[in-house]
1. Just to confirm a number: summing +1 for Lys and Arg and -1 for Asp and Glu over residues other than residue 36 whose beta-carbon lies under 12 angstrom from that of residue 36, what do you get?
2. Mean separation of Cα pairs under 8 Å and 6+ residues apart, divided by the residue count of segment 2-96: what relative contact order is that in percent?
3. Work out, step by step, the length gained on full extension between residue 28 and residue 63: first 0.36 nm times the residue separation, then minus their alpha carbon distance; give nm to one decimal.
4. Note the listed values [x] 17.4; [y] 13.9; [z] 13.5, then indicate which one is Kirkwood radius over Cα pairs in Å calculated from this particular structure.
5. Rounding to the nearest 10 and keeping the result within 0 to 90°, find how far the Cα-based axis of helix 16-32 lies from the longest principal axis of the chain.
Amino acid sequence: MIEHIVLFRFKDSASPVQVAEAGDALLAMKQGIPEIQEIHFGPNLGPSVKEYGHVLVVECADMAAVQRYLDHPVHRQTIDRYVAPFRDARLAADLEV
């Protein structure tokens with residue numbers, strides 16, 4: 001099992017509604033991308049909250065499934081429409097669990 005972990009910093013100009021819509025859209029990807037086994041999104045509760053305020057965790061079977069998830073049109077459309085316009089920075093990592 002691979003946990004694909006993404007930390008997001010949204011632009012100061014992003015409203016709470018826009019961030020919530022981004023989160024809802026990210027979570028909805030599970031319905032359209034079969035590689036997603038579990039998905040979680042929410043505010044960063046740790047001390048790095050000022051650097052990266054939100055966290056996405058996507059669980060996939062293996063790295064090949066992570067790549068298919070990343071390449072999937074639903075993922076690309078979700079990022080392009082709901083995340084990229086409001087994102088200031090991101091940091092991604094993959095962890096085998």
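None of the figures in this text is laboratory data; all of them are computed from the coordinates on show. Fair warning: this is a prediction, and the values are worked out from it, not measured in the lab. Cβ atoms come from the backbone with ideal geometry, glycine included; neighbour counts cover every protein chain shown.
1. Details: positive: 30, 68; negative: 3, 35, 38, 59.
Taking every Cβ under 12 Å from that of residue 36, the sum is -2.
2. 50
3. Values: separation 35, 0.36 × 35 = 12.60 nm, distance 2.11 nm.
Length gained between residue 28 and residue 63: 10.5 nm.
4. [z]
5. Result, in degrees: 10.
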